[in-house]
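All remarks here apply to the structure that follows.
Please treat every number below as a calculation from the coordinates, not as lab data. Keep in mind that this is a model prediction, so the values were computed, not measured. Here the Cβ is made from the backbone with ideal geometry for all residues, glycine too, and neighbour counts use every protein chain on show.
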Amino acid sequence: MKPDILIVEDEPSILSSLEFILRHAGWTTKSVTSGEAALLAVNTMAPRAVILDVMLPRQSGFEVLKKLRQDRRTRDLPILILTAKGQQQDKRTAEGLGATDFVTKPYANAEVVEAVRHLLGEVPPQNGPASDTGGEPDR
Amino acid sequence: MISGSLVIATAVVYVILLFALAYWSDLMARRGQDKLLRSPLVFTLAISVYCTSWTFYGAVGSAARNGLEFLAIYLGPTLVFTGWWFGLRKLVRIGHNQRITSVADLISSRFGKSGRLAVLVTLMAVVGITPYIALQLKAIATSLRVILGSGFDGDELAQAGPLPQSLDDIGLAFAIAAAMALFSILFGTRNVNANEQHHGVVAAIAFEAIVKLIALIAVGLFVVFSIGGGFEATYARAGDAGIVLNATDAFGPRWLTITILSAAAIICLPRQFQITVVENADERHLRTASWAFPLYLLGISIFTLPIAIIGQSVLPAGSDPDMFVLTLPLAYDQQGLALFAFIGGFSSATSMIIIASIALSIMISNHIVVPIALRSTKVPDHESGSGMTRLVLTSRRISIAVVLLLGFIYFWLTAGSGALAPIGLISFAGVAQFLPAIIAALYWRDATARGALAGLLVGFAIWGWSSFLPSFATSSEQIAALLQAGPWGIGFLRPQALLGLDGLDPLVHSVFWSLLGNTIALIGVSLLSENNAMGRLQAHLFVDVFKQSTGGHARYLDSSATLNDLLYMTQRVLGAEPAKALFAKLAPHNKELEATPPTPEFISKLEKELAGSIGAASAHVVLGQVISGESITFEEVLQMADETQKILEYSQRLEHTTEELQSTTSKLRAANQQLRELDQQKDEFLSQVSHEVRTPMTAIRSFAEILLKHDDLESGQRQRFLNTIHDESMRLTSLLDEILDLSALERGETLWHNEPVEIGAALRRAIDVCTPLTNQHNLEVRPKNLTEDVWVVANTDRICQVFINLISNAAKYNDAAQPFVEIDTRTEGEELLVDFSDNGPGIARGDREIIFDKFSRGKRDPESSHSGSGLGLAISLEILIKMGGSLKLLSTGGRGARFQVRLPLAASRVRAPLERA
């Protein structure tokens, strides 16, 4: 089954939180924990979008992104970059390599949901579960 | 009665004889047949020009008036020639080396070739010698008057005694002065000799020395044996004659003063300097003179006292004792002997006048006339060499005339002041003012031109005030009044009682103050001033004359420069060490630079080397001037070289400063680079810390938001999320703790106490602490060969921290079915080795080098929720290094990782209980 979103994240706790949020928003997800696995999964599973962490062991998210963009089949695949460094330099690198969007850790859950919705080109549902994720009670 | 024509004829013949002798001697010298002339005996006889008519006539007068005082006049020179011959030798050596022409030249040469000093010394010498010349004029006039104008009548002799001041005597003296001037001019200025040596004159003077000695001895023998009846009988009459021979006060301050003055005079008198130093042909002659001259003095003084005693006894009272040598033979009708005695006295006077006037004329022409002429626009030297020679000869002739004129004027103004000896002593005191400067010239390197100038001026001024001026007192009432009351009635400035020092003998008083003031001024001003380059060079050449030269003076006749001179010059240009190195290269075999004249090859090589430093033109000028030895330009050359040297030194200093600056700059650059690297490391570290902190925070925030939003979560899931939040919080806390710990370790701020630790106990404690973790991961800990009683010096808590870190790493990352870690201990030399071997995945080859870096984790088990901070190994390594140990990852060859801890063994295995177990 073709998943909506492929999550590439090596931190188990973050991965499990992302899976929970996105599934709860109504999408199907697949998870991998390394760049090599991500490249394989993109081609075999053909996800509609990818959430890609930068700090992966051995092969960084940026290298994966670059390879995906070089591949004709995945040139236009929507990719959201997740980074814990959050510097301007990382954002520019991501844009330069052709990332579709960019979210900095630690993120608000709604932020990720909104970004993914945007990646998939979906309009927010009137009564969907995601409609009331925009507000963050502690802000 | 001796006829006037006979006396005049005898004198004229005698003078012609002297001329002939001088002419013949010059001829022989030119032919090179001057062995006799260059003999030490001639030299010694010439030195006895010291014995003038003062000695010939005046000593008897002095003995008649003051007893044994006259002996002091001979004691001083005797002491100098016997006791200070080495000093004379130094003087002569310098005279040859420097081609000294006069005492003025000596002093000015030594003090940087100062023109001012030369002029001052010349003027002082002229003024100082003037009374002495007058003394000779007076002696000749008086003796002439005695021998011409007297029969054998005692009354007439009495009248002829102290010469009345009359026009006739003045006229006579003037005639004598004029004759003497002519005589000296004919003798001394026939040519200008390169080294101012006058062989003919010296021969004539030596001949005159023999004549005066024989004449005096002849008179003495006649007096003692024909009149006195032998020495004993003669001395027995001393009491009757009023001459006290054994007076205890004879050897008082005055006696000492005269001894000192005469000792000074034998060196400082221009004519003595002329003979002893300038006319000296060979310094070995001094050896002969050192005994022969005192012997001559003994011979010429041995009959002084007897003649005085007999003269006082047999001649009528009131007879002039200064003329006893003449009047005694005349009284006993020995006309031939009297004539001989007159010729002897004439010899004494003429020899003195000739040499003194020549010496003074050389000074005047060389130091006053020639420098002025050279400065004037009408310089004759480029027309022809003879123009200069004519100028010198003319100026010398005029100088001689002026010197004698001055002597005559002094005689005229002071005529009637009486005895011969006091006049001579005034001169002695005057020229003695040169002594401090000469002694300093020979022995005191730091004496300066200013010091010499000050000393001479002060001494000369005091002498002029306290000695020269008072000698006019008999002819001037104003001066007599001055002596009584002092200038403007100021008592302590009275010429013969300066600063209220009253009651001393005038001579002692004058000599004391003038030499004291002279010496103090010389020393004081010298200490306050510095020699210029020329002065330093000359000081070296004078003071160290024996160190420079081993040979005689011959080498200076054709070549004025030695290798040493060139070295000195080169040092001025290049600096001391490079010049020495250069000379060692150019002339490696010449050890005695002072004695070796440079070869043409050497000079051309040196010129090339110098040209490299100061340019070809300058090098040529510098060398040309040094080698030709032109004195005036040499000074300029030295100044030029000094400036060059200063510029070189300055540029070397500049170079040095530049080097220092460059070194500082590069140090700064390195430090800057280091700072930049540290700054970059800090940035990377912060970036890593930021990442490490954000990761657990992301999970915490995300799960907190989920829990806040979804209150309908099933309790199991809720519990799992809460656990994750808790675990991530703990991870965050321990991360921060470790960051702080590592930071403190790296800054060296962590102080701990090392103590002997028993390693088995420490390991067991670490294993105990890890038990919950190892149980959780099913890790089997296998202690193997755990040592007993092996001690290391360590901090117990810290070493346990390292062990715990290694065990928990093994637990966290071991994915084997039957995970285990083996702990093996052993000693190797002075070290303890602890190996931790597990059967986990091992460290990927690419990670082995970075495994101890901060935040590097290598490949982790992705399912493990207990991933570390990445600081554990970095901290462990830091701890072990601080204990003098190490931590390494060993190759295993296959599966698993193997870490090795090394620690130095404790020197004394003190058994101590493990604390805080």
B:Leu41-B:Ile170 FRET efficiency (beta carbon distance; Förster radius 35 Å; 0.05 resolution)
0.30
Starting from the amide H of A:Ile79, placed 1.01 Å from N in the peptide plane, find each other amide H under 5 Å away whose residue is 5 or more places distant or on another chain.
A:Val50, A:Thr100, A:Asp101
The answer for A:Ala84, listing residues at least 5 apart or on another chain whose modeled amide H is closer than 5 Å to its amide H, is A:Val54, A:Met55, A:Lys105
Check the straight Cα-Cα distances from B:Lys35 and name the lysines below 25 Å, setting aside those fewer than 8 residues away within the same chain.
B:Lys90, B:Lys212
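Hey, got the average number of other protein chain Cβ atoms within 10 angstrom for residues in B:690-701?
Across B:690-701, the average partner-chain Cβ count within 10 Å equals 6.
Compute, for the stretch B:449-549, the length of the dipole vector about the Cα centre, with Cβ point charges of +1 (Lys, Arg) and -1 (Asp, Glu) only. Units Debye, rounded to 20.
300
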Counting only other chains, what is the mean number of Cβ atoms within 10 angstrom of the Cβ of each residue in peptide A:98-110?
3
Selected from B:Ser734, B:Leu661, B:Leu707, residue furthest toward positive end of dipole (the stretch B:655-743; charges at beta carbon)
B:Leu707
Give me the extension gain from B:Arg826 to B:Leu256: residue separation times 0.36 nm, minus the current Cα-Cα distance, reported in nm with one decimal.
195.1 nm
Report the calculated FRET efficiency for A:Thr28 and B:Arg720 (r = Cβ-Cβ distance, R0 = 22 Å), to the nearest 0.05.
0.55
Could you tally the net charge around B:Asp824, taking each other residue with its Cβ under 11 Å from the Cβ of B:Asp824, Lys/Arg +1 and Asp/Glu -1?
+2
Determine the distance separating the Cα centre of the stretch B:680-727 from the Cα centre of the stretch B:436-500; give it in Å without decimals.
111
Formal net charge of residues neighbouring A:Glu122 (Cβ-Cβ distance under 12 Å; K, R +1; D, E -1)
0
What does the net charge come to around B:Ile310 if you take all other residues with beta carbon closer than 14 Å to its beta carbon, with K and R at +1 and D and E at -1?
-1
Sites B:Ile439 and B:Leu661, calculated FRET efficiency, Cβ-Cβ separation with R0 60 Å, nearest 0.05:
0.70
Per the Cα gyration tensor, the stretch B:752-904 corresponds to an equivalent ellipsoid with semi-axes, largest first in Å, of 24, 17, 15
Take B:Leu298 and B:Ser5, extend 7 Å from each Cα along the Cα→Cβ direction, and tell me the distance between the two endpoints in nm.
4.6
As I understand it, the dipole of the stretch A:5-107 uses +1 on the Cβ of Lys and Arg and -1 on the Cβ of Asp and Glu, about the Cα centre. Which of A:Val32, A:Ile81, A:Leu18 lies farthest toward its positive end?
A:Ile81
Projected area, mean over directions - the stretch B:1-149, Cα convex hull, nm²:
12.6
Note, ³J(HN,Hα) from phi for the stretch B:316-329, Karplus 6.51, -1.76, 1.60, rounded to Hz, x at Gly and Pro:
x, 4, x, 5, 6, x, 4, 10, 3, 4, 8, 6, 5, x
Modelled label-to-label distance, B:Thr288 and B:Asn785, 7 Å Cα→beta-carbon offset: nm?
10.6
Beyond 16 Å, what percent of the Cα pairs of the stretch B:219-298 remain?
72
Cα lying deepest toward the dipole's positive end in the stretch B:752-904, options B:Pro756, B:Ile843, B:Ser808, charges on Cβ
B:Ile843
Treating the beta-carbon of each Lys and Arg as +1 and of each Asp and Glu as -1, no other charges, what is the dipole magnitude of the stretch A:5-107 about its Cα centre, to the nearest 20 debye?
300
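If you build the Cα gyration tensor of the stretch B:655-743 and take the root of 5 times each eigenvalue, what three semi-axes come out, in whole angstrom, biggest first?
53, 11, 5
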